[in-house]
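These notes are about the structure you will find just below.
The values are calculated or read from the model by the stated rules, or taken from the named source; none is laboratory data. Values in this document were obtained by computation on a predicted structure and should not be read as measured data. Heads up, the Cβs are rebuilt from the backbone with ideal geometry, glycines too, and the neighbour counts pull from every protein chain shown.
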Amino acid sequence: MKTLRQRYLIELEVTEGLEDLAREEVTMLLPQNTAFIRPSRAKGAVRFHVEKPHLLKQLNLAESIFLVEYYAIPRPKALLGDAHFKRMLKQIALAQRFSPEPMKTFYIAAAGSESSVMQRLKAEIAVHTGLQVSEKGDLQLRILPVPDEGGWEIHCRITPRPLSSRSWRVCWFKGALNATVAQAMISLSQLKPNDTVVNLCCGSGTLLIEAGLNIAFKRIYGIEIDENRLRCATENFAASGIRNTPTLLQGDAQFIPMPNQSVNVLLADLPFGQDGTQHTQNLSLYPNVLKEAARVARTGGRFVLITHEIHLLESLVKISTEWKCNRTTQINQRGLHPRIYVLERL
């Protein structure tokens, strides 16, 4: 007789707008026995049942991974009752078991987290698990109401820190690209080991490192005009441990030091133009970058970029005889709503 395996309810926290790409990544990682729940309860969330949650640590697009259970209780105070509390301890133990690293601390994220009930709950959890209470603990517990069902859910994060917190990022600048967004751009660019890849405005190296962690490239280049950012990228490369370090070139994205029709894929996190001065500069920068990228790109080459200059970029592509847009993905990033564009060289 075939034994039925236990299936766990998982919720991924992802950058809003990347839900479909996250589902695709889960399907590729776990092609069997994964059942998605549509729609998820909130934007920026992907829910599914799976048998092997420990494999999910390999995901690149998830910000955080939570083990979810529903409790048919009227209010969180009921979690202090014997049966519900024992069940919650079992859920916490499972989260610790699935975690790739030991957990030593925890915290509760919930409305009224400083109430007397929550204080008692924290104290009891600490006594029974040996975990210490911390403002930003390894184990995050989210206690959330479920209005349509009348109960509450407990979400236990199964990694000691958000997956978007990369250990290689030892140097950064304000506004640096989120690593999971970088992974979305890499996924959309369909990179291959034999591609010649150029990252314009490479900054502290996020796109280059995230690409190099997955694929061993023979020819990958980063171009950045700011010497300090190039130095920062070098520090991050050293911390990342990637074997084939990209070739870094100090230069202007408007004058790419590459031969005509020599590049398969271009990547860029272009200036967002959030202030008037930068927007004015972008009015000349963007058309020059598109023209120069078209010069070095091979026919059928891809240019995957992210920008907040929506109107400017789309107006330029609309009149272009060199580029067409194959896909657009809008995301919510720190309150801004930039778009990722996948352009193809005609």
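Below are the figures for this structure:
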| read-out | value |
| --- | --- |
| Segments classed as strands (runs of 3 or more DSSP E), wholly inside the range 200-300, with at least 3 members that are touching a residue at least 24 places away in the same chain (Cβ under 8 Å) and within 18 Å of residue 182 (Cα to Cα) | 219-224, 263-269 |
| Out of 287, 246, sole residue that is touching a strand residue (DSSP E or B) at 6+ places or on another chain (Cβ under 6 Å), in the same structural domain as residue 200 (by TED's automatic domain parsing) and closer than 15 Å to residue 200 by Cα | 246 |
| Every residue from the range 289-327 that is acidic (Asp, Glu) and out of contact with any helix residue (DSSP H, G or I) (no Cβ under 7 Å at 6 or more places or on another chain) | 292, 314 |
| Residue match in the range 59-72 (condition: surrounded by 15 or more Cβ atoms within 10 Å (Cβ to Cβ), touching a residue at least 24 places away in the same chain (Cβ under 8 Å), over 21 Å from the mean Cα position of the chain (by Cα) and farther than 30 Å from residue 177 by Cα) | yes |
| Candidates 280, 299, 329, filtered to the one that is surrounded by 14 or more Cβ atoms within 10 Å (Cβ to Cβ) and not acidic (Asp, Glu) | 329 |
| Residue list for the range 22-64, restricted to those being basic (Lys, Arg) and outside any loop (DSSP other than H, G, I, E, B) | 23, 47, 57 |
| Identity of the residue in the range 302-326, of a type in the set (D, E, K, R) and either without any contact (Cβ under 8 Å) to a residue 40 or more places away in the chain or not in a strand (DSSP E or B) (or both), that ends up surrounded by the fewest Cβ atoms within 10 Å (Cβ to Cβ) | 318 |
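Table: residues versus (1) outside any loop (DSSP other than H, G, I, E, B); (2) in contact (Cβ under 8 Å) with a residue 24 or more places away in the chain; (3) touching a Cys at 6+ places or on another chain (Cβ under 8 Å); (4) not assigned by TED's automatic domain parsing to the domain that holds residue 20.
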| position | (1), (2), (3), (4) |
| --- | --- |
| 86 | yes, no, no, no |
| 91 | yes, yes, yes, no |
| 94 | yes, yes, yes, no |
| 101 | no, yes, no, no |
| 107 | yes, yes, no, no |
| 119 | yes, no, no, no |
| 122 | yes, no, no, no |
| 135 | no, yes, no, no |
